[in-house]
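To start, the structure itself, in structure tokens.
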Amino acid sequence: MRAVITVIGKDTVGILAKISTECAENGVNIMDVSQTVMQDMFVMTMLADMEKSTIDCPELSDKLTESVKGMGLQIHVMHEDIFNSMHNI
């Protein structure tokens, strides 16, 4: 199973490090990353392989949110099929 992880918020040092560390600790393999900073806003989208993960999407979302607590970031984790369904016309 693959998941789409999105992160949005004010740019600060260490965002990618915290997210990737939490993923690695839970067996989530990051397959692709796209990130940009627009003025002072950080925007990142990741495609992650969760086949060997020890947790599911909601639990990963909770863990990622906790890992960046106090940084003012919004994190969403959803199954790739849900993401694709939401973006098909």
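Observations on the model:
- Every residue from region 60-81 that is over 11 Å from CYS23 (Cβ atoms), touching a residue at least 12 places away in the same chain (Cβ under 8 Å) and not small (Gly, Ala, Ser): VAL68, MET71, LEU73, GLN74, ILE75, HIS76, MET78, HIS79, GLU80
- Residue pairs whose Cβ atoms lie under 6 Å apart, sitting 6 or more positions apart in sequence or on different chains, and linking a residue in region 9-37 that is touching a residue at least 40 places away in the same chain (Cβ under 8 Å) and outside any strand (DSSP E or B) to a partner that is among the aromatic types (Phe, Trp, Tyr) and exposed (fewer than 15 other Cβ atoms within 10 Å of the Cβ), do not occur here.
- Members of region 38-58 that are in a loop (DSSP other than H, G, I, E, B) and within 22 Å of VAL13 (Cβ to Cβ): GLN39, ASP40
- Of everything listed in (1) in contact (Cβ under 8 Å) with a residue 12 or more places away in the chain; (2) farther than 17 Å from LEU60 by Cα; (3) surrounded by fewer than 16 Cβ atoms within 10 Å (Cβ to Cβ), the single unmet condition for PHE42 is (3).
Values quoted throughout were computed directly from the atomic coordinates according to the rules given, and no laboratory measurement underlies them. Predicted model, so just to flag it, every value in this text is computed and none were measured. Note that we place each Cβ from the backbone using ideal geometry, even for glycine, and neighbour counts take in every protein chain shown.
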